[in-house]
Amino acid sequence: GRRLVYLGYTSAGFDLFVGGGLSTNPMLAQRLGAWVPLAEVPDVWAGIIGVFRDYGYRRLRNRARLKFLVADWGVARFREILETEYLSHPLLDGPAPPAPPPGAGDHVGIHPQRDGRVYVGAAPTVGRLDGAILARLADLAEDFGSGRLRLTAQQKLVLLDVPAERAEDLAGELAMIGLQVHPHPIRRSTMACTGIEFCKLAIVNTKDTARVLVDTIEVRRPALDAPLSVHVNGCPNSCARFQVADIGLKGMLVPDAQGSPVEGFQVHLGGSLGHAAGFGRKLRALKVTAADLPDFVDRLSGRFLAQREPDEQFAQWVVRAEEGDLR
């Protein structure tokens, strides 16, 4: 979101991107070069959906996504069709927004609301909750806030409308049920898809593997002080978005030391979204078994901490690191 002078007034609005998607044919969304005032967002959204409805490859199962249409047309033609056939006016040209301030952007922690109260974001371990935790969570939302809860796309949860003076007390109560408001970076940024337990497409167990990883790295790397996102996926379809993580893991069967097939992962390194968006680096034959994953991440994070420049992020280090240091 940005603010520009629009018809003589300062107005909130959004930069416009189309055509992103991951899965087995990952593509980054492309910027149309247009700024959309807040009031026009519904019309522009409906127009984009209309373009896909009328021109998208909806009869082709493997290409029934907007990203394939945008890739074939290019952004110039897509914008032209959107403006001339679906909107009543041209889109406003706009410069790219400035880079956002550094930070995880996942709502974890204690943050101010506009009304003087705060919201409290907590990180479940790899997004897993049980009934007892949910029941206690509902009680805490009513006791400390207004009862309002939100879930995020990063497998985090947020309790709203908390008096600022009670926020740390709430954080303590949440910690007692395994929900960390001030988590270690590996617990904060590790997420996993459903995995083989409940998904017929998955090849490996993701939740338990990721939980063991988190518990291990917290003990071995207590001084880790930089964001390190680890996304654990059970198959190539990328529900956990492994291509855009610092360490992305695609589930597959890999040979163990004796050559027998066991649960493991293909490794993608240094993916990211935002202004420096890019897919993770795939090194030749870089695969790891589920059992060896904690040792691999421990080794990799240790080398990052030893070699990083001031303020350097993991994805930036991966670009310049020697291949041997990434194995």
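The values are calculated or read from the model by the stated rules, or taken from the named source; none is laboratory data. All of these numbers come straight from a predicted model, not from anything done at the bench. No Cβ is skipped: glycine too gets one built from the backbone with ideal geometry, and neighbour counts run over all protein chains shown. To get the accessible areas, we keep the full protein, side chains included, count just its heavy atoms, and leave off ligands, DNA and RNA. Shrake-Rupley method; radii C 1.70, N 1.55, O 1.52, S 1.80 Å.
Can you tell which of Asp93, Asp72 is of a type in the set (Asp, Glu), modelled with pLDDT under 95 and open to solvent by 60 Å² or more (accessible area, probe 1.4 Å)?
Working: Asp72 fails: modelled with pLDDT under 95.
Matching residue, one of Asp93, Asp72: Asp93.
Here are the criteria: (1) touching a Lys or Arg at 6+ places or on another chain (Cβ under 6 Å); (2) surrounded by fewer than 16 Cβ atoms within 10 Å (Cβ to Cβ); (3) part of a helix (DSSP H, G or I). Tell me which single one Tyr57 does not satisfy.
Unmet condition: (3).
For Ser272, indicate whether it is among the hydroxyl-bearing types (Ser, Thr, Tyr), in contact (Cβ under 8 Å) with a residue 60 or more places away in the chain and under 21 Å from Ala240 (Cβ atoms).
Working: among the hydroxyl-bearing types (Ser, Thr, Tyr): yes; in contact (Cβ under 8 Å) with a residue 60 or more places away in the chain: no; under 21 Å from Ala240 (Cβ atoms): yes.
So Ser272 does not fit the description; no.
Among the residues of the stretch 206-240 satisfying the criterion of being within 15 Å of Phe265 (Cα to Cα), modelled with pLDDT of 95 or more and in contact with a Lys or Arg (Cβ under 7 Å, 6 or more places away or on another chain), which is surrounded by the fewest Cβ atoms within 10 Å (Cβ to Cβ)?
Within the stretch 206-240, the match that is surrounded by the fewest Cβ atoms within 10 Å (Cβ to Cβ) is Lys207.
Could you identify the single residue in Leu137, Leu129, Leu160 that is assigned to a loop (DSSP other than H, G, I, E, B) and open to solvent by less than 60 Å² (accessible area, probe 1.4 Å)? Spell out how you get there, then give the answer.
Working: Leu137 fails: assigned to a loop (DSSP other than H, G, I, E, B); Leu160 fails: assigned to a loop (DSSP other than H, G, I, E, B).
Of Leu137, Leu129, Leu160, the one residue that is assigned to a loop (DSSP other than H, G, I, E, B) and open to solvent by less than 60 Å² (accessible area, probe 1.4 Å) is Leu129.
Could you please give the count of residues in the stretch 270-307 that are of a type outside the set (A, V, I, L, M, F, W, C), more than 21 Å from the chain's Cα centre (by Cα) and not in a helix (DSSP H, G or I)?
Number of matching residues: 4.
Of the residues Leu228, Leu224, Leu269, Leu326, which single one is in contact with a Phe, Trp or Tyr (Cβ under 8 Å, 6 or more places away or on another chain) and over 23 Å from Leu201 (Cα atoms)? Can you show your working first?
On the way: Leu224 fails: in contact with a Phe, Trp or Tyr (Cβ under 8 Å, 6 or more places away or on another chain); Leu269 fails: in contact with a Phe, Trp or Tyr (Cβ under 8 Å, 6 or more places away or on another chain); Leu326 fails: in contact with a Phe, Trp or Tyr (Cβ under 8 Å, 6 or more places away or on another chain).
Of the residues listed, the single one that is in contact with a Phe, Trp or Tyr (Cβ under 8 Å, 6 or more places away or on another chain) and over 23 Å from Leu201 (Cα atoms) is Leu228.
How many residues does the stretch 241-275 contain that are open to solvent by less than 50 Å² (accessible area, probe 1.4 Å) and either hydroxyl-bearing (Ser, Thr, Tyr) or touching a Cys at 6+ places or on another chain (Cβ under 7 Å) (or both)?
So the answer is 2.
Being in contact (Cβ under 8 Å) with a residue 24 or more places away in the chain, closer than 17 Å to Gly195 by Cα and assigned to a strand (DSSP E or B) is the filter here, so list the residues in the stretch 241-269 that pass it.
Gly248, Leu249, Gly251, Met252, Leu253, Val254, Val262, Glu263, Gly264, Phe265, Val267
Do the conditions hold for Pro98, that is, is it open to solvent by 50 Å² or more (accessible area, probe 1.4 Å) and more than 30 Å from Asp43 (Cβ to Cβ)?
Details: open to solvent by 50 Å² or more (accessible area, probe 1.4 Å): yes; more than 30 Å from Asp43 (Cβ to Cβ): no.
No.
Any residue in the stretch 291-315 that is in contact (Cβ under 8 Å) with a residue 24 or more places away in the chain sitting within a Cβ distance under 7 Å of a residue that is among the charged types (D, E, K, R) and assigned to a helix (DSSP H, G or I)? List the pairs, counting only those 6 or more apart or interchain.
Pairs that qualify, where the first residue is in contact (Cβ under 8 Å) with a residue 24 or more places away in the chain and the partner is among the charged types (D, E, K, R) and assigned to a helix (DSSP H, G or I), are Asp298/Arg220.
Is it true that Glu165 is within 26 Å of Tyr119 (Cβ to Cβ), open to solvent by 20 Å² or more (accessible area, probe 1.4 Å), assigned to a helix (DSSP H, G or I) and in contact with a Leu (Cβ under 7 Å, 6 or more places away or on another chain)?
no
Would you check if there is a residue in the stretch 310-324 being in a loop (DSSP other than H, G, I, E, B) and open to solvent by less than 80 Å² (accessible area, probe 1.4 Å)?
Keep residues of the stretch 310-324 that are in a loop (DSSP other than H, G, I, E, B), which gives 310-313, 321-322.
Filter again for open to solvent by less than 80 Å² (accessible area, probe 1.4 Å), leaving 312, 321.
Yes, the stretch 310-324 contains a residue that is in a loop (DSSP other than H, G, I, E, B) and open to solvent by less than 80 Å² (accessible area, probe 1.4 Å).
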